[in-house]
Amino acid sequence: MDLLNTLVDKGLRRELPTREEALAVLATSDDELLDVVTAAGKVRRHWFGRRVKLNYLVNLKSGLCPEDCSYCSQRLGSSTGILKYTWLKPEQASEAAAAGLAGGAKRVCLVASGRGPTDRDVDRVAGTIKAIKEQNEGVEVCACLGLLSDGQAERLREAGADAYNHNLNTSESTYGDITTTHTYADRVDTVNKAHAAGLSACSGLIAGMGESDEDLVDVVYSLRELDPDSVPVNFLIPVEGTPLAKEWNLTPQRCLRILAMVRFVCPDVEVRIAGGREVHLRTMQPLALHLANSIFLGDYLTTEGQAGKADLEMIADAGFEVEGADEVTLPQHRAHAAATGGCGSHQDGGCGAGADADAGCGAGADADAGCGSHAGGGVCGTAASAPAVSEPRTDLVAVRRRGAGTDLAPNA
């Protein structure tokens, strides 16, 4: 297939595909799906080999958010029945992180619901970062706290944070349909603040919120311009009690096409399968490892994930290996830029002025997805693709009742 050969060649050169090529990936048929996975897999293996990076979420503050993000179970006025608690103490957060690190995670994502942190909140998180790093040598810490004010990114960097997550979630043109209490530009500003402070930027999307193919390509191209080091791809978890509870627009095939498109557009970036992989990819999760090189281990923020032991078995059975704490995730050209506070998958190593972002309960962490958030994909209406699952599948969604903030052991 000429399209796929072209995309592989561009991916190996870090060359940006055309929008038409990206849209064509989303429009491929089910008969062509394995060819798409194989092609994108060549790009993934070129830059990341067969390594899979494990990340672990710690929900520092659950619920009680003043923002109205439609996808989020922690949103203003939520009736989802999730656990709600205020800030965990540093020792509680460190204990929660230890479970994920024992399972092989090398990055801990500290997430808090809310519009953004106060200066006192930043001090709290700084104490938590210190506690985790004192007990776990070499661990990476990513913070996801919402919209940042001037100087807060620098303070997090000084406290030992390695990265900051803030997702774009969806295209700029449709952002107002999802959230009204802050803007797309607010998200851009926060990611730019993280970049400027020398933090490794983590910014991704949510698929499955009813968006079009064009919306998906728009947000991924904005991310390419923004040039984060990691891009979490979340698939919307339609939690009962949220405005998007009935948005079951994704099939496993659709999810694989979205991941392949992201890999072609962002070839040398850490692509992370975040929230919703168990719900939407289901038995096709192992195929997704040929596209993404990073996943979350165990549970998400407010919903249950696959058991950590099952994640590790899946990685091994699919012929991949867990990335070790002493291994550098990013290719050399990106790793150097990240270490010096730069960014850069572009051939000139420059930072795009692009769009920013992170999603999350409000501006911060999303409801059920990755370091930063949930995620969803587009409406499944591509040529010759499997029909969308339109009926709610509440049997696939389990609200988290264990781990940090409870008396039950975490799922890691």
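Between ARG13 and SER173, the modelled labels are 2.9 nm apart [label points 7 Å from Cα along Cα→Cβ]. With R₀ fixed at 41 Å, the C-beta to C-beta distance from ASP395 to LEU76 puts the FRET efficiency at about 0.90. Put one equal scatterer on each alpha carbon of the chain, apply the Debye formula with no solvent term, and list log10 I(q)/I(0) at q = 0.06, 0.08, 0.12 1/Å to two decimals. Cα-only, vacuum Debye calculation for the chain: -0.19, -0.34, -0.82. Compared with the direct C-alpha span, the chain from LYS84 to ALA307 gains 78.0 nm at full extension, assuming 0.36 nm per residue. Greater than 30 Å separation of Cα atoms is the criterion. Which listed pairs, LYS42/LYS133; LYS42/LYS130; LYS133/LYS193; LYS133/LYS246; LYS106/LYS193; LYS193/LYS246, meet it? Those over the limit are LYS42/LYS133; LYS42/LYS130; LYS133/LYS246; LYS193/LYS246.
For a paramagnetic label modelled on ASP150 (point 7 Å from Cα along Cα→Cβ), amide N atoms under 15 Å away belong, within the range 169-191, to 190.
Quick one: putting +1 on the C-beta of Lys and Arg, -1 on the C-beta of Asp and Glu, what dipole do you get for the chain around its Cα centre, in Debye to the nearest 20?
Roughly 760 debye, rounded to the nearest 20.
Contact order, relative form, for the chain: 28 percent (alpha carbon pairs under 8 Å, 6 or more residues apart, mean separation divided by residue count). Taking a sphere under 11 Å around the Cβ of ALA99 and counting the other residues whose Cβ falls inside, with K and R at +1 and D and E at -1, yields a net charge of -1. Take each peptide in 24-32, 11-19, 203-211, count the other Cβ atoms within 10 Å of every residue, and average; sorted highest first, the result is 203-211, 24-32, 11-19. In this simple spin-label model, placing a label point 7 Å from the Cα along the Cα-to-Cβ direction at both LEU408 and MET284 gives a separation of 3.0 nm. Of all DSSP bridge pairs formed entirely within the chain, close to 10 percent run antiparallel.
Highest average first, the peptides 140-147, 404-411 ordered by how many other beta carbon atoms sit within 10 Å of their residues are 140-147, 404-411.
What FRET efficiency comes out for LYS246 versus ALA316 if R0 is 35 angstrom and r is the Cβ-Cβ distance? Round to the nearest 0.05. Let's see the in-between values first.
Working: r = 37 Å, r/R0 = 1.05.
In this case the efficiency is close to 0.45.
At full extension, ARG120 and GLU91 could sit 8.7 nm farther apart than now, given 0.36 nm per residue minus the alpha carbon distance.
Here the simple spin-label model places points 7 Å from the Cα toward Cβ, and for ARG45 and LYS130 these points are separated by 4.7 nm. Taking each DSSP H run with n ≥ 4 as -39500 (n - 2.57) and averaging over every residue of the chain yields -10500 deg cm²/dmol at 222 nm.
Under the combined filter of DSSP loop state and at most 14 neighbouring Cβ atoms within 10 Å, the range 189-288 retains these trypsin sites (Lys or Arg not before Pro): LYS246.
What is the gain in length, in nm to one decimal, between ASP31 and ASP189 on full extension, counting 0.36 nm per residue of separation less the C-alpha to C-alpha distance?
Values: separation 158, 0.36 × 158 = 56.88 nm, distance 4.18 nm.
Computed gain between ASP31 and ASP189 is 52.7 nm.
Every number here is computed from the coordinates shown, using simple stated rules; none is lab data. This structure is a prediction, so every number in the text was calculated from the model and none was measured. Please note: Cβ atoms are built from the backbone with ideal geometry, for glycine as well, and neighbour counts cover all protein chains shown.
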